[in-house]
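Structure first, commentary second.
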Amino acid sequence: MDTAALLKQLSQTPGISGHEAEIRSAVLREWGRWADETRVDKVGNALAVRRGMDYRGTDRAADPRRTDRRHRSIMLATHMDEIGLMVAGVKHGFIHLVALGGVDARILPGQEVIVHGRRDLPGLVASTPPHLLKAAERHKVVPLDQLWIDVGLPARQAEQLVRVGDLISLRRSVIELKNGLLAGKAFDNRASITAVAVCLEQLQQTQHHWDVLAVATVQEETSFLGATSSAFALQPDVAIVIDVTFATQHNATDVETFVLDKGPTINVGPNIHPKMVQGLRAAAKRLELDTRLEPLTGHSGTDGWAIQVAREGIPTGIVAIPIRSMHTPVETVAIADLERTGRLLAEFIRGLDEEFYQSLIDR
Amino acid sequence: MSLITNLRNLSNAPGISGDESAVRRMVIDSIKDHVDELRVDTMGNVLAVKHAQGKARLRVMLDAHLDEIGFMIFGANDDGSLKFRAVGGVDDRILPGKAVLVGPDRLPGVIGVKPIHLLKGEMSVMKIEDLAIDIGAANDSEANNLVTIGQTAVFATEFRTWNGIASGKALDDRAGCAVLIEVLRGPRSPVEILAAFTVQEEVGLRGAQVAAHTFDPDAAVAIDATPANDLPPTIDQDVSPNTRLGHGPAIYVMTRHDLSDPHLVQHFMTTGDALKIPYQMRQPGGGGTNAGGIIPARSGVPTISVSVPTRYLHSPASLIYLKDVRTTVKLVRESVARLTPEILHRR
């Protein structure tokens, strides 16, 4: 699999929270290559199923083993939605905007965008030229509700083509930096979608007992709706959430950051089942793969927060890929980290057995 | 080559003040078959002469600047990112999250920013001193092998057009360059055209001073891009120097420091009115053009500034109307062709 090519393609595919149709088809197509079946649920989550070898080729309903032994499954959850902008109003042909998800207002002035009106319109986020700036203005971040988007058209034409509620995406193709790093938009969380594709491909070449339910969830950036609904519907025995975390970068070397290109982080804390941490670390050791523990004191800010408390509770693990400049159009990731993450997931899944399942209850 | 193709190539080419060679080569290629004399001076100005039709009644300098605002590399951080500073006037607030191209090999880089999730307290403006260009180098020694101190960087913005609108980087003043090229490619004028594609406007009108001395013209026109701050007004907004897109070239009565020659201003207005070429008067104040470098040359040069109204100057992508570029070509060409010694004569 050409991991970089897949990430580039997914980064360019639109999928703002609540409007995931295009990214959903792309995910189903890519994951579908390595799955026994794919389907879409009521809220728009995309599901790709790989049957475990214990169940492969059996008619599940008629399977006699099912009466005395539960059908084991692991859910891999990655959100496919991205943060974005929406038209809040059109005034004199200029567009007021509102954010869907945690948009960083600092990156918007001077940013090229595409306004998805009656047809796609090129646009720019307006900025005052420095010639006309007052000294006091230079030291203020322009808040979102004071920014304008300019599609260049005369007022009447703009108002015909653009309506309240139309989506706006950032215009950013993927940039190849040195050392296998890529920069672009929506790597949160298309990096993880790519890593799961790597995992599914790896599983094709090995044997695993449990069913693998790979879910690309909707609306993580706004409400965790996709995680809540899919965890309820699928009722997996365990779940692993794959998302992005903060990479160390210039002027961001806080303890919450992790150096790029040294493998994914394995999260630890109340949101994560301790046995999942143990299992993931053991799998990493078998692969001689570098990983780091990432401590989280509470809410992980991921789908895992919702999945952990679905139904009677689902033992959840979280694996995170470090990216720089999160929630900007130049999120930066190491391609090798996506491959490492995919291999780690596959190795963990390969090792899943009844003994592991029984170990999840701390008797 | 069409006006739009020219504008596209010029906009996409890198040319920070003092490092204009890529743009210079492009300009030379597009005018060399249309001028009678062509040379490059020690500063890097492109100086071209197009003889008059018949005996020249005047020698008129037309100026457009080659250079754009951008960045210079100041060194590498331990983490492999690049320290950089602005060349020319840049608002720090437009920098985060933008893509750039570094050095002669056009190495891709990005201006990253600490994610908002990790910010403590209020969101503040990121100063250029606190930002870095990430080219993916693993450490300072790798970065130093790839990029040399003093190399320049430009925004990695690609020119695009739609509905008669154009956006791209450096339209200040590649729009002016495209206008001047178009004038040179047109028919001979009754006056001799002294075309100066000048360097280093953005760092102090340096190229134009030298070019004006060399040419010693009877009069001059600085062709530039001027701020169009024509967004919907807010309550507390003042009447800043302003033009509007789609209303034709902006004629300067004065900039922040320099007065246009009043006879020239009157002549350009008269020409526009007579030929029904739309034009607008630029409000005085704020910002300047190469007129400031040309006016004091030798014993003084009567000069006017005419500009293409442009939104979002000095940002990664500015925006213009193509019809304003075309009417600027027309107003400059026709006004210059109709210029006589009598018009310039002080009574």
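Since every read-out is calculated from the coordinates, none of them should be taken as a lab result. On a predicted model such as this, the values are computed, not experimentally measured, just so you know. So basically every Cβ, Gly included, is an ideal-geometry build from the backbone, and we count neighbours across all protein chains shown.
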Cα gyration tensor, the range A:1-50 - rounded (a/c under 1.5), prolate or oblate:
oblate
Using all Cα-Cα distances in the protein assembly as shown, what percent lands in each 20 angstrom bin from 0 up to the longest?
17, 42, 26, 12, 3, 0
Can you give the angle from 0 to 90° between the axis of helix A:225-234 and the longest principal axis of chain A, with both taken from C-alpha atoms, to the nearest 10?
20
How many nm is it between the label spots at B:Arg39 and A:Asp353, if each spot is 7 Å from the Cα in line with the beta carbon?
8.8
Averaged across the residues of B:312-321, what count of C-beta atoms belonging to other chains lies within 10 Å of each residue's C-beta?
6
For a footprinting-style exposure proxy, rank A:Ile16, B:Ile149 by other Cβ within 10 Å, fewest first.
B:Ile149, A:Ile16
Return the lysines within reach of A:Lys275: Cα separation strictly under 25 angstrom, same-chain partners fewer than 8 residues apart disregarded; answer none if there are no such residues.
A:Lys262, A:Lys285
Partner aspartates and glutamates for A:Lys134 [C-alpha distance under 12 Å; skip if fewer than 8 residues away on the same chain]:
B:Asp91, B:Asp238
Set of aspartates and glutamates with alpha-carbon distance to A:Lys178 below 14 Å, sequence-local pairs under 8 removed
A:Asp261, B:Asp79, B:Asp105, B:Asp134, B:Asp140, B:Glu142
Per-residue mean of C-beta atoms belonging to partner chains within 10 Å, peptide A:248-261
4
Whole-angstrom Cα spans of the range B:71-155 along principal axes, big to small
38, 29, 17
With a 10 Å cut-off between alpha carbons and a GNM built on chain B, which of B:Asp67, B:Asp105, B:Asp140 moves the most?
B:Asp105
Could you tell me which residue out of B:Ile111, B:Ala138, B:Ser167 lies farthest along the dipole of the range B:104-174 toward its positive end? Charges go on the beta carbon: Lys and Arg +1, Asp and Glu -1, centred on the Cα centre.
B:Ser167
Using 21 Å as the Cα-Cα cut-off, could you pick out the over-long pairs in A:Lys91/B:Lys169; A:Lys140/B:Lys98; A:Lys185/B:Lys127; A:Lys8/B:Lys83; A:Lys91/B:Lys127?
A:Lys91/B:Lys169; A:Lys185/B:Lys127; A:Lys8/B:Lys83; A:Lys91/B:Lys127
Residues B:Phe74, B:Phe155, sorted so that the one with the fewest Cβ neighbours within 10 Å comes first
B:Phe74, B:Phe155
Selection from A:Val113, B:Ala99, B:Leu322 lying farthest towards where the dipole of the protein assembly as shown points positive, charges on Cβ
B:Leu322
For the range A:84-170: span of alpha carbons on each principal axis (Å, largest first)
39, 29, 18
For the protein assembly as shown, what is the percent of antiparallel DSSP beta bridges, rounded to the nearest 5?
60
